[in-house]
Amino acid sequence: MKKIVLTGGGTAGHVTPNIALLPELKKNGYEIYYIGSKNGIEKELITNEKIPYYGISSGKLRRYIDLQNLTDAFRVVKGVGDAFRALSKIKPNIIFSKGGFVAVPVVIAAKMKGIPVVCHESDITPGLANKIAAPFAKKVCTSFPEAVKLMPKDKGILTGAPIREELFKGDRQRGLEFLGFKGDKPVILIMGGSLGSVKINNAVREILGELCKTFDVVHLCGKNNVVEDSDNESYRQFEYISEELNDIFAASDIVCARAGSNSIFEYLALRKPMLLIPLSKNASRGDQILNANSFKKQGFAEVLEEEELSSETLLKALNDLYKNKDKYISKMETTDIKNGVYKIIEIIEKYI
């Protein structure tokens with residue numbers, strides 16, 4: 001049987017694309033293993049999928065001067081040794097790396113053992129881990145066309161983002177019933193990220209009265225951000241939704257969200273017009289701004305910069321997005337960007 005090791009971690013964004021590959025890898029006869037950090041978020045997510053998991057030492061990769069870079073360098077070296085021993089035990093035919101700091105030791109160990117590596121980069125500009133890993137890879141798959149030219153010569157290839165197959169199994173009626181909406185108003189889904197966004201949450205709540213005249217509103221506001229005194233029948237708020245999220249997607253007409261790469265490609269796959277509010281450069285390396293502007297340029301989304309966010313600008317942007325939703329859906333229908341799962345599997349098959 002063919003054996004593959006998946007790696008990547010540090011954030012859920014480095015893990016969920018790997019999870020999206022699992023059903024198709026199994027259909028293609030792969031025995032699947034995962035190498036991640038000993039206590040990272042990836043461990044819980046992957047063990048829930050019943051995939052054999054190997055934890056290794058890993059150090060955080062920083063772009064700035066910090067004394068911890070010295071100690072973390074030793075952790076990376078130890079991680080290479082841990083990964084080398086894990087690969088010696090598993091004896092995989094190929095490695096697929098989604099990035100994040102834990103992937104670097106795995107990719108280096110794979111090179112030492114002569115195991116081919118395929119990487120994937122979600123954002124337009126490569127993260128530091130993928131910058132280090134790319135020279136060791138056979139190919140670097142990209143979600144954005146702009147990213148291909150930023151990869152080492154002849155290594156970048158546009159595949160799109162891998163999308164979870166269960167995402168397409170949502171049911172609008174089930175979603176409406178779960179939310180307690182009658183279905184006589186269009187539905188807006190507002191997501192501020194897993195931790196929520198104070199600025200987005202406050203702006204939404206300031207315009208609820210006006211917004212709910214026209215829309216039913218689903219607000220995923222993040223941990224500990226639910227407000228108890230809201231009893232508007234057209235407003236539902238949750239810290240986080242898991243099992244019912246696919247049905248809520250199906251019930252939603254437009255989406256307002258951050259501009260994380262994995263998420264916006266899911267909205268694209270579902271043909272959901274989006275208002276993107278990217279993280280500012282003060283809170284990130286600026287990748288969400290580039291992601292959002294790329295989707296705006298391609299006609300899939302409108303963008304509201306966080307610095308321009310207020311209750312007034314948010315209300316106008318949401319109304320305008322819904323009014324012009326058919327224009328965005330039409331652009332999405334004609335795009336060549338598909339679910340990246342099948343193209344990625346094709347590349348893995350080529351290099352195995």
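Given a Förster radius of 22 Å and the C-beta distance between VAL148 and SER284 as r, what FRET efficiency does 1/(1 + (r/R0)^6) yield to the nearest 0.05? Could the numbers behind the result be given before it?
Details: r = 22 Å, r/R0 = 1.02.
So the FRET efficiency works out to roughly 0.45.
Which one, GLY260, GLY160, GLY170, has the greatest fluctuation when you compute a Gaussian network model over the chain with C-alpha springs under 10 angstrom?
Looking only at GLY260, GLY160, GLY170, the biggest GNM fluctuation is shown by GLY170.
What list of ³J(HN,Hα) values in whole Hz, one per residue of segment 149-158 in order, does the Karplus curve 6.51 cos²θ - 1.76 cosθ + 1.60 (θ = phi - 60°) give from phi, with Gly and Pro shown as x?
Couplings: 6, 8, 8, x, 3, 6, 9, x, 8, 6 Hz.
Check which residues have an amide H placed less than 5 Å from GLN237's amide H, if you skip close sequence neighbours.
HIS219
When the Karplus curve 6.51 cos²θ - 1.76 cosθ + 1.60 is applied with θ = phi - 60°, which whole-Hz ³J(HN,Hα) does each residue of segment 345-352 get, with x for Gly and Pro?
Listing the rounded values in order: 4, 4, 5, 4, 4, 5, 9, 5 Hz.
Report the calculated FRET efficiency for ILE157 and LEU128 (r = Cβ-Cβ distance, R0 = 22 Å), to the nearest 0.05.
Rounded to the nearest 0.05, the efficiency is 0.60.
By how many nm would the segment from GLU308 to ASN39 lengthen if fully extended, with 0.36 nm per residue of separation less the alpha-carbon distance? It would help to have the intermediate numbers written out before the result.
Numbers: separation 269, 0.36 × 269 = 96.84 nm, distance 3.81 nm.
Additional length available on full extension: 93.0 nm.
Of LYS182/LYS338; LYS272/LYS316; LYS27/LYS78; LYS185/LYS223; LYS139/LYS331, which pairs sit farther than 24 Å apart, going by alpha carbon to alpha carbon?
Those over the limit are LYS182/LYS338; LYS27/LYS78; LYS185/LYS223; LYS139/LYS331.
With each label point set 7 Å from Cα along the Cα-Cβ vector, what nm distance links ASP184 and SER330?
Label at ASP184, label at SER330, 3.1 nm between them.
Can you give me the Cα centroid spacing of segment 311-342 and segment 226-250 in angstrom?
22 Å
Can you list the HN-Hα couplings for segment 78-83, worked out from phi with the Karplus curve (6.51, -1.76, 1.60; θ = phi - 60°), rounded to whole Hz and with x for Gly and Pro?
The phi angles translate into 4, x, 4, x, 4, 5 Hz.
When the helices in the chain are scored as -39500 (n - 2.57) per DSSP H run of 4 or longer and the sum is shared across all residues, what 222 nm value do you end up with, to the nearest 500 deg cm²/dmol?
-12000 deg cm²/dmol
Rg and Dmax in Å for segment 86-196, alpha carbons only: what are they?
Rg, Dmax (Cα atoms, Å): 19.5, 61.
Most mobile of LYS98, LYS27, LYS38 per a Gaussian network model of the chain (Cα springs, under 10 Å)?
LYS27
Taking segment 166-334 on its own, what percent of its Cα-Cα pair distances exceed 26 Å?
The share of Cα pairs beyond 26 Å in segment 166-334 comes to 20 percent.
Mind checking which of GLU266, GLU146, GLU177 has the largest fluctuation in a GNM of the chain, springs on alpha carbons under 10 Å?
Of GLU266, GLU146, GLU177, the most mobile in the Gaussian network model is GLU177.
If the chain between LYS91 and MET1 were fully stretched, how many nm would it gain, using 0.36 nm times the residue separation less the Cα-Cα distance?
Values: separation 90, 0.36 × 90 = 32.40 nm, distance 1.13 nm.
Net length gain for the segment: 31.3 nm.
Every number in this text was worked out from the coordinates using simple rules, so none of it is lab data. Just so you know, these numbers come straight off a predicted model, no measurement behind them. Note that each Cβ is placed from the backbone with ideal geometry, even for glycine, and that neighbours are counted across all protein chains shown.
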